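Quick notes on the structure that follows.
Just so it is clear, none of the values below were taken in a lab; they were calculated from the coordinates. Quantities reported herein were computed from a predicted structural model and do not represent experimental measurements. Cβ placement follows ideal geometry from the backbone for every residue including glycine, while neighbour counts extend to all protein chains displayed.
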């Protein structure tokens, strides 16, 4: 960067359209944490490249500031509008894929955590229903949690959460009881089975700034019906994923880009292997966990978005 | 993008690490407003390129979500933490320079609006002080507002705001009166003159998430002393700018990258042209406004950040 004399007495660095990115990166160069330094430098370079490419105007910049402020102010302990924004921009989906690629996991494909996970799911016994008062016929959901060689993992934790039969999460209902979520442990052969209702596809929350964005983009705003999972066992990588209902009209146009081909399932009727034979429909899915690679690798990826504002 | 068969019955688009960016851009392709479409597509591409370059992990992603949420929740009608974030990342400075470049303005160089502008500055008469109770010797600030040919613009509006003699803006003091800001009109020859105090350099607000970031980056967090201006007149481009005190220790390392060489000034002693001769020190600066280029070009760039949460 050029140093220039000012007022005949002061030497200063010239900041202008051409040098500002280098000047900003230089000012962050003493960051002690090398990873934070790398991330922030890359963020500044890409953020500036974006502004240069579109030749962002002061009015548009202020509109962006106003939008981001509204996103932040919409967040509550039961609503995470920034995760919704990340989801609808495809960033969350990309981070999920990068994770699978980085860990070279031969385990189950990841999908989005989404904004509705919570840590305080009730523990239930295998075979129990996760739904408090089902008003539609239940289905069975079953399978095994195995290692990558297909050996069952006993006592693995299977956390599951989904919408109720009206397409609503318990967290979206003010003061309502915990519903349509639970935590199970696999049996000695790694098997799990439970009862639930068919999850309905739903419109993402449209009454906040992200909803305004989706409408301005003429997107439909729907997610196909899906069931969230967080699968974990000591010594294995945690898997955050979801199963997607193949019959859903929006299976091919998920507004948050969570659908992955290996995670699309169907509901079988009269399946002779259904472990809850009194139920007509069943979904069968086996989860594979890959081992953690080193002592310093916790394998943990899940976290509770509802805790962000409780810290 | 590849379409693949799922479960032997559904055709769906393959979303993975390689295709997610195209899929996301495609889903936004029906956006009716062409400028919004352009901005959002570029944003998605650059945001994804950033995540790919640093191979962003789920833990780091959640840390980012938590940080942005905290930034949003720190905003109040008198504090704009997202503008502070944009400022400290050099984005605001870049947008300012892009504006000057786009408008090919031969007028005064722009600088940052900053988070402390407000629309309800009191009108004052030429020669009055903008400071309610100065506890240090005042200085004179004077000059002309001209067109790019150097002809004075009569009745131009000169809005000015700065810190008091302790380095604090009125907006940073709970419930305090409006202070160290005012609105003047130039005389028939485009001249302005007023009394103020020497603005002190200051630490940006460090008690929020942006302060946490600045500390983690081992940056000093200081801005050199400066005086903000918003200059306007019908038929001319509004100029948002600031004058920077050349003697300040941080003139060369402004934490928000607002300093521009043409905007660095000094305080003259015993200047025979000082229009307020009873004051010892004076700053002389002439502002140039360029004409608006077309009927549809308002020339307005200023906006009141404090209105963001009042809408």
At R0 = 51 Å the Cβ-Cβ FRET efficiency linking residue A:119 and residue B:133, nearest 0.05, sits at 0.40
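So what's the protein assembly as shown giving for Cα Rg divided by 2.2 N^0.38 Å, two decimals? Intermediate results must be reported in sequence, preceding the final value.
Details: Rg = 29.1 Å, N = 622, 2.2 N^0.38 = 25.4 Å.
So the protein assembly as shown has a normalised radius of gyration of 1.15.
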Whole percent per 10 Å bin, from 0 to the bin with the longest distance: what is P(r) over all C-alpha pairs of the stretch B:178-298? 11, 32, 33, 18, 6, 0
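Arrange the peptides A:116-122, A:240-246 so that the one whose residues have, on average, the most other Cβ atoms within 10 Å appears first. Could the numbers behind the result be given before it?
Values: A:116-122: 16.3, A:240-246: 24.0.
Packing order, densest peptide first, comes out as A:240-246, A:116-122.
For A:94, B:263, A:309, what ranking results if the residue with the fewest other Cβ atoms within 10 Å of its Cβ goes first?
Details: A:94 25, B:263 21, A:309 16.
Neighbour counts put them in this order, fewest first: A:309, B:263, A:94.
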Separation between Cα centres of the stretch A:15-47 and the stretch A:81-114, rounded to whole Å: 26
Taking Cα centroids, how far is the stretch A:176-202 from the stretch B:209-265 in Å? 56
Could I have the simple spin-label model distance between residue A:268 and residue A:60, label points 7 Å from Cα toward Cβ, reported in nm to one decimal? 5.3
Sort shortest first the distances from residue A:101 to its counterpart in every other copy, using label points 7 Å along the Cα-to-beta-carbon line, and give them in nm. 3.0
With both partners inside the protein assembly as shown, how many of the DSSP beta bridges are antiparallel, as a percent to the nearest 5? 75
What nm value, rounded to one decimal, do you get for the distance between residue B:300 and residue A:293 when each label is placed 7 Å out toward the C-beta? 5.5
Work out the mean other chain Cβ neighbour count within 10 Å for the residues of B:66-79 and drop it here as an integer. 5
Per-residue mean of other chain beta-carbon atoms within 10 angstrom of the beta-carbon, peptide B:242-249? 2
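Return the FRET efficiency for the residue pair residue A:38, residue A:309: r is the Cβ-Cβ distance, R0 is 25 Å, and the value is rounded to the nearest 0.05. Walk me through the numbers before you get to the answer.
On the way: r = 28 Å, r/R0 = 1.13.
Efficiency for this residue pair is about 0.35.
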So what is log10(I(q)/I(0)) for the stretch A:24-73 at q = 0.17, 0.20, 0.30 1/Å, when the Debye sum runs over its Cα atoms only? -0.68, -0.82, -0.98
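Would you mind computing the Rg to Rh ratio of the stretch A:177-222 from its alpha-carbon coordinates, Kirkwood style for Rh? Intermediate results must be reported in sequence, preceding the final value.
Details: Rg = 17.7 Å, Rh = 14.2 Å.
The Rg/Rh ratio comes out at 1.25.
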Pop a pseudo-label 7 angstrom from the Cα along the beta-carbon direction at both residue B:30 and residue A:104 and give the gap in nm to one decimal. 4.3
Closest-to-axis residue of chain B (Cβ criterion, axis taking B to A), whole Å: B:72, 0
Evaluate peptide A:81-91: per residue, the Cβ atoms of other protein chains within 10 Å of its Cβ; return the mean as an integer. 6
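Express as a percent, rounded to the nearest 5, the fraction of DSSP beta bridges in chain A (both residues included) that run antiparallel. It would help to have the intermediate numbers written out before the result.
Numbers: 34 of 45 bridges.
Once the DSSP bridges in chain A are tallied, antiparallel ones form about 75 percent.
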Antiparallel bridges, percent of DSSP beta bridges restricted to the stretch A:153-268 (to nearest 5): 90
Got a sec? How would A:108, A:157 order by Cβ neighbour count within 10 Å, fewest to most? A:157, A:108
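More than 15 Å apart: what percent of Cα pairs in the stretch A:136-199 qualify? Intermediate results must be reported in sequence, preceding the final value.
On the way: 1145 of 2016 pairs.
Above the 15 Å cut-off, the stretch A:136-199 has 57 percent of its Cα pairs.
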Return B:192, A:236 ranked ascending by Cβ neighbour count within 10 Å, so the fewest neighbours appear first. A:236, B:192
Starting from the exponent 0.38 and prefactor 2.2 Å, build the expected Rg for the stretch A:81-307 from its residue count and divide its actual Cα Rg by it. 0.98
Correct semi-axes for the stretch A:91-204, from √(5λ) of the alpha-carbon gyration tensor and rounded to whole Å with the largest first, are 25, 21, 12
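Write down the Kirkwood hydrodynamic radius of the stretch A:11-129, to one decimal in angstroms, obtained as one divided by the mean of 1/r over all alpha carbon pairs.
Evaluated on the stretch A:11-129, it is 18.5 Å.
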